[in-house]
Amino acid sequence: EAEAIKQAKAQLAEYAAEFDIARADVVVRVGAPGYEIRAAAEELGADLIVIGTHGKHGLGLLLGSTANSVLHGVPCDTLAVRVKADD
């Protein structure tokens with residue numbers, strides 16, 4: 001787990017540098033993704049959560065489990081963006 005956190009922090013540091021995001025705004029949390037995203041949004045006083053989803057076909061499969069979990073009980077607006085897999 002410690003190695004996974006170390007790698008996640010390193011990868012996020014690269015993304016942050018690429019997109020000019022302050023290190024203080026980069027956070028790694030461990031836990032159930034839906035819960036951790038909702039908790040972080042509440043702690044930060046977020047106005048909007050943008051989350052990627054691998055939307056499948058049909059309304060019932062529109063959102064993945066993490067995106068669906070975030071939507072339940074989230075304290076702010078949420079925008080789900082369909083992420084297409086690289087072929």
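The values are calculated or read from the model by the stated rules, or taken from the named source; none is laboratory data. Computed from a predicted model, the values in this text were never measured in an experiment. Neighbour counts run over all protein chains shown; Cβ positions are idealised from the backbone, glycine included. Surface accessibility is based on the protein's heavy atoms, side chains included, excluding ligands, DNA and RNA. Shrake-Rupley method; radii C 1.70, N 1.55, O 1.52, S 1.80 Å.
Structure notes:
- Proximity of backbone amide H atoms, modeled 1.01 Å from N, is registered between residue 78 and 49 at under 5 Å, excluding neighbours fewer than 5 places apart on the same chain.
- Angle between the chain longest axis and helix 33-44 axis [Cα atoms, degrees, rounded to 10]: 60
- Long-range amide H partners of residue 64 with built H, under 5 Å: 54
- Which of 8, 64, 31, positive extreme of dipole for the chain (C-beta unit charges): 64
- Backbone HN-Hα couplings from phi across region 13-20 [Karplus 6.51/-1.76/1.60, Hz, Gly and Pro as x]: 4, 5, 4, 4, 5, 4, 9, 6
- Taking every protein chain into account, the 1.4 Å probe leaves residue 50 with about 90 Å² of accessible area, to the nearest ten.
- Its Kirkwood hydrodynamic radius, worked out from the mean inverse distance over all distinct Cα pairs, puts the chain at 14.5 Å.
- Taking all protein chains together, 77, 20 sort by accessible area into 20, 77, largest first [probe 1.4 Å].
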